[in-house]
Amino acid sequence: MGFIEVFTRLGADTDLLLKETGINRNFFTRRGDKISYNQQTQLLKNGIKLCNTPGLGLLAGMNMDWGYHGSVGSIVSCSPSLKNAGAAMRRFLPIAQPHYNMLAGQPGIYVDKDGIMVNPLRILAPKHHDPELDLFETEYRLAITLRLYDQCGNKQVANNEVNALLAYPKPAYFYLYETLPCNKVVFGAKQTAVSCHYQFLIEPWREMRAAIFKRVIDQCEDELKASHLETSMTSKVRWHISYHYNEQVTLEQIAEQLAISPRALTRKLANENSNFRQIMHQVRMELTALHLRSSSLSVDEVAELMGFSSASSLRRAVKNWSGKTAGALRDDTSGSAPPNYNFSTSPVSSGALPA
């Protein structure tokens with residue numbers, strides 16, 4: 001619905017926008033209806049064609065109302081910290097679009113030099129070889145992520161800079177990027193990501209909204225349960241470990257958050273041929289691999305960050321887990337090549353969206 005609103009405000013005809021999507025106007029007034037990812041993709045293709053506006057993804061991301069994210073959109077106005085907001089978005093967005101469930105348990109943000117946290121922006125769509133659609137999604141996710149950082153990050157910390165790193169050249173409509181809520185936009189970077197200092201990310205600053213936040217989270221948990229997307233106890237535990245990893249979370253703490261006893265949690269995991277230690281190890285190794293591939297930290301620094309006793313201990317663990325050496329993981333750049341976007345050189349015809 002949010003995309004339909006954005007596209008029509010940019011001049012797209014509603015009937016043409018809905019063509020071949022299987023969506024009709026009755027959908028606008030019904031509650032609880034869902035569309036498939038393929039329907040959403042066709043809607044985006046129609047919108048891109050009808051609007052014919054360079055930077056359309058940026059305009060959509062900057063003007064998408066948070067209400068269209070469902071209950072999780074309320075988190076933006078009440079989350080005590082950016083970390084809370086980001087984790088909730090990753091966990092609960094699949095309620096609105098189940099395709100996003102592919103990212104729910106995957107490691108995302110990593111630590112770089114000088115306490116900088118880097119959030120790579122991955123395209124969620126399958127490899128459909130549609131550069132226009134890929135660019136739209138990249139720019140949309142960039143804009144919506146920067147808005148989340150701007151609204152939920154702690155601007156009272158010493159280093160409150162937020163920067164956008166883009167793995168593609170500066171387009172002709174680069175001036176649209178200058179309107180994004182960040183301090184700096186860097187084109188030609190090795191990856192597309194948003195970065196900030198860890199204090200900006202984790203330090204709470206709206207503590208009086210904690211009760212409201214808890215109420216919204218409870219609502220989202222109920223909706224996630226009703227959606228049947230989180231089908232195993234293993235996936236629930238995995239998410240909690242990923243979210244609380246640096247806090248040395250224990251089985252007892254996660255059991256408390258899941259409102260069951262540690263013994264019952266252990267039994268449920270065993271029924272799924274899993275256990276807490278295995279999940280903890282898997283998450284640890286995935287995070288270790290992410291830092292080796294993406295960060296500029298040395299192997300010794302990654303070892304200290306991930307709780308290994310030494311760099312040699314990390315190397316042995318990586319070899320046993322992946323079959324590769326730490327150096328091979330560090331040299332693995334698969335999937336990190338800059339995208340081959342074919343930018344239009346024409347100026348933006350429509351400017352920004354009307355207020």
Original post:
Just for the chain, what percent of DSSP beta bridges are antiparallel, to the closest 5?
Top reply: 75 percent
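Just list whichever of Lys113/Lys214; Lys83/Lys214; Lys113/Lys184 have alpha carbons separated by over 22 Å in the model shown. Walk me through the intermediate numbers first.
Values: Lys113/Lys214 33 Å; Lys83/Lys214 14 Å; Lys113/Lys184 18 Å.
Distance filter (> 22 Å) returns Lys113/Lys214.
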**OP:** Per DSSP H run of at least 4 residues, take -39500 (n - 2.57); add these up for the chain, divide by its residues and hand me the 222 nm value, nearest 500 deg cm²/dmol.
**Re:** -14000 deg cm²/dmol
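By how many nm would the segment from Tyr245 to Arg209 lengthen if fully extended, with 0.36 nm per residue of separation less the alpha-carbon distance? Provide the component values of the computation, followed by the final result.
Numbers: separation 36, 0.36 × 36 = 12.96 nm, distance 2.42 nm.
So the extension gain works out to 10.5 nm.
Given 0.36 nm per residue, what is the gain on full extension from Leu16 to Asp218 after removing their alpha carbon distance, in nm?
68.8 nm
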Subject >> Computed FRET value (nearest 0.05) for Asn52 with Arg293, which takes r as the C-beta separation and R₀ as 22 Å >> reply: 0.05
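Net charge near Gln40: determine it from the other residues with C-beta under 11 Å of the C-beta of Gln40, scoring Lys and Arg +1 and Asp and Glu -1. Can you show the working numbers first?
Details: positive: Lys34, Lys45; negative: Glu137.
Charge balance near Gln40 sits at +1.
Based on the Cβ-Cβ distance from Glu132 to Lys34, what FRET efficiency comes out when R0 is 30 Å, to the nearest 0.05?
Working: r = 25 Å, r/R0 = 0.84.
It comes out at approximately 0.75.
Where both partners of a DSSP beta bridge lie in the range 123-211, what percent of those bridges are antiparallel, to the nearest 5?
Numbers: 4 of 8 bridges.
Of all bridge pairs located within the range 123-211, approximately 50 percent are antiparallel.
Given a Förster radius of 35 Å and the C-beta distance between Leu229 and Ser261 as r, what FRET efficiency does 1/(1 + (r/R0)^6) yield to the nearest 0.05?
Values: r = 25 Å, r/R0 = 0.71.
For R0 = 35 Å, the calculated efficiency reads 0.90.
Over the range 77-229, what is the percentage of antiparallel beta bridges among all DSSP beta bridges, to the nearest 5? Display every interim value, and only then the final one.
Working: 11 of 15 bridges.
Taking every DSSP beta bridge with both residues in the range 77-229, the antiparallel ones total about 75 percent.
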Subject >> Sequence ranges 34-44, 219-229, 71-81, ranked by mean other-Cβ count within 10 angstrom, highest first >> reply: 71-81, 34-44, 219-229
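Values quoted throughout were computed directly from the atomic coordinates according to the rules given, and no laboratory measurement underlies them. Please read all numbers here as calculations on a predicted model, not as lab measurements. Don't worry about glycine lacking a Cβ; one is built from the backbone with ideal geometry, like all the others, and counts go over all protein chains shown.
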